[in-house]
Structures are given as C-alpha cells and as structure tokens.
Amino acid sequence: MSNPAPATWHPAQVTGAVWAHGFSRWKQAAVRLCFANAQVHFIDRWPVLPKAATVVVWGLAELPANAGTDQWQVIRIEDGFLRSVGLGADLIRPVSWVVDPVGIYYDARTPSRLETLLQSGIEDEESLRRARQLQETVRSSGLTKYNVGTSEWRPPQGVRRIVLAVGQVESDASLAAGGGDIRTNWSLLQAVRAECAPGDYLIYKPHPDVVARLRAEGVEEHRADTLADEVIVDLDMSRLLDLVDEVHVMTSLAGFEALLRGRKVVCHGKPFFSGWGLTEDRCALPRRSRTLSLEALIAGTLILYPVYFDWTRNTLTTPETATEHLLAEKKRMGGKLPWWRRGMRVILRLVVGVR
C-alpha cells in the first residue's frame, strides 16, 4: 500500500520498525543513514510481518504473495543521478540514492514520487535558483552519474551533425519497466541510423558496465560498428555530450545529462525526463500532462527527490555539498581506475558473474 507522498516527504520522517529486505552488507550503512529515526531490521528471507509493516527493498524487487502484503508500506531504493566516481557494479559507495514510497522513477507503468513532484509543479523560487546553480556546476565541472572515462576525442571535419546513440545494459530494469517498442541497443542503432540524414555522423557509446565486462553485451551489440560511424568506449560522457548535436536514448540517464547541457534529446522509451515538453518523445505517456521548465525538472530530479551522503561525517547532506565531494574525488582520481579496482573487477566477474 503506497500512497503518493508530498514534496516534503523524507525517509528521516519514518519511525518505528523498518524491514529492509535483500540488502548486501556494503549497502546497509546507507540504509541506516536514510532511516536514522527508525529501527532498521535487515532480512534475507521474508518472515511473518505485521499487516501495516514498513518494508524497504532495492529497485523493483518482488514482494511475497502472502496474504496481507498489500497493506505494507513499500519503500523502494535505487542509485541517485549523481552517484559516484566509478561504477556501482564496482561496489563503489554511492553519494546519492533515491528513496521512494510511491513507486520508482524508472518504472513508467505506475507513478513515482518523482513523477508526482513534477506533475504537481515546482514553482518556489529557492528551489529553482538552486537548480540553476546546480546545473551550472554540473555543466562547468563535467559531472555525470559515474564520472568515468579518460580518453580524448575530436569531432571529424565536414560533418553536418553529430548524433549520439547511447547504449544500455539490456537486462536493466528500466528497459523492462520503461522501454517502448525499441528495447535493444541494436534496434536503437537501426532506428537512429534510419533517421540520420546524409552528412550526419553517428556515434554509438556502449554502457560502461558492459565495457568493463561487469554486465553482458546486448544482442548483436558487437556489430555496432556496422551501423555507427564510430564506437566510442572510454570517453567521459560529459565531454562527449559537449561535442554532439543530438542524443538518442531508450531510457538512459544520459538523456537527462544531455538536457542539462542544452542538447536535443530523442527518447525511444519512457524515461522519467520524457513527457514534460523538453524532449522529442516516440512513446506517449498521457499521465504526464504538465509542461515543465528545465529548471523545474532539475529541481525535482537533483534536489527534492534524492538523498545525498557525506561519508566523511557519516550523515546525510545537500546536493551542493555532495557535488563538492564528487569533484574533489574526480580530481584526485584523474579519471583513472586504481590498480586494486582493476583487480576487484576480476574477482567480481568470478564471484558474481557477468549478467
């Protein structure tokens, strides 16, 4: 039983017992920070819980089909939109999560707290002012969700437009819950190639988890270079977005990152940033009926919806402070993966496998 939460809802408001199911040990500290005023019980199996239990799960994890579970208050957690310097699949600690008592932002089949916030309108000047400042910080500093990539790239001479098609992990829940007719990277490339005019230069960028061999390659994805003029692997997404004219996504967050940088974005699925009048949408979603400014979208997505962690103090913090920490870490890392992280990847492939 999940009811729409107001704009002021925060996980710190949750009190009493909270049952957090299926969270690995390395995520548990962040769960405790989110629910600092509750008694969090971590469980791997579903015990008999009270009818009005508050249950926390990761993403779209399924609930048991037992009688009475429809009375639970279900809260879903996922990675935030400015996550870390490095990949979540590398088990790097997050700087932000989203905590949602309504749905989850990438499941377009039902509303989420983010969609509820955006649909109700964000008009207070303080939130919009912070959104403008945050947009400028993200753009000028080159922040993205994962902040990975080191190589340089120069656009070719004499092309009409540079068009980017962004690959995803094809087993990703956002494609199952928010995808349209096009749900594979190969199908996306075919569609974008067909739309390109003579003189357009089509780039394909695979997902960094696939490049790192932490997630499986998509169907026919190995043939991407037969449709794209170039496949770019190890370039920071922010640098690439600064150089392209148009971005095509299924549900990838890169579409939102492109909007922050003033690029034209075409959505072949139903990501959270589509349907508000800011993107060219190939899939209708009538439930989203409000036309938003980019500032309002940023305010909802980066300020009002997520929670941010300050791991130097083991507390929650603001998006502004979190971006400062990300920038400091990005500068320290220099875009390179430490040797011990490379070793960890080998272990993860052996223990977890490539999914």
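Under the rule of -39500 (n - 2.57) per DSSP H run of 4 or more residues, summed and divided by the residues of the chain, what mean residue ellipticity at 222 nm is obtained, to the nearest 500 deg cm²/dmol?
Details: 11 runs with 103 residues, N = 355.
Per the formula, -8500 deg cm²/dmol.
Beta bridges assigned by DSSP with both partners in the chain are antiparallel in approximately 25 percent of cases. Across the stretch 296-312, coupling constants 3J(HN,Hα) worked out from phi with the 6.51/-1.76/1.60 Karplus curve, θ = phi - 60°, read 5, 4, 5, 4, x, 6, 9, 10, 7, 8, x, 10, 10, 10, 10, 7, 6 Hz, and Gly and Pro carry x. Our analysis of the chain gives Rg over Rh at 0.95, with the two radii drawn from alpha carbon positions and Rh computed by the Kirkwood formula. Under the simplified labelling scheme, the ALA7-GLN133 pair shows an inter-label distance of 1.8 nm, with each label point 7 Å from Cα along Cα→Cβ.
The HN-Hα couplings worked out from phi for the stretch 45-52 by the Karplus form 6.51 cos²θ - 1.76 cosθ + 1.60 (θ = phi - 60°) are 10, 8, x, 6, 10, x, 4, 9 Hz, whole numbers, x standing for Gly and Pro.
Under a Cβ-only charge scheme (Lys and Arg +1, Asp and Glu -1), can you give me the dipole magnitude of the stretch 128-276 about the Cα centre, in debye to the nearest 20?
For the stretch 128-276, the charge dipole is close to 680 debye.
Site-free segments of the chain were taken between GluC sites (Glu not before Pro) in DSSP loops having at most 16 other Cβ atoms within 10 Å, sites themselves excluded; the longest one is 221-355.
Suppose we look only past 19 Å in the calculated P(r) of the stretch 148-288. What percent of the Cα-Cα pairs does that tail hold?
Numbers: 4702 of 9870 pairs.
It works out to 48 percent of all Cα pairs.
Here the stretch 29-143 was treated as a single set of alpha-carbon atoms; its pair distances binned every 5 Å from 0 give 2, 9, 14, 18, 19, 18, 10, 5, 4, 1, 0 percent.
Each label point was placed 7 Å from the Cα along the Cα-to-Cβ direction; for THR15 and ASP225 their separation is 6.2 nm. Between ASN37 and THR110, the simple label model (points 7 Å from Cα in the Cβ direction) yields a spacing of 2.6 nm. Find out how many positive minus negative residues lie around ILE75, taking Lys and Arg as positive, Asp and Glu as negative, among other residues whose Cβ is under 12 Å from that of ILE75. Combined, the nearby Lys, Arg, Asp and Glu give 0.
Read-outs: derived from the displayed coordinates by stated rules, not from any lab. The structure displayed is predicted, hence computed values, not measured ones. Virtual Cβ from ideal backbone geometry, glycine too; neighbours counted across all protein chains shown.
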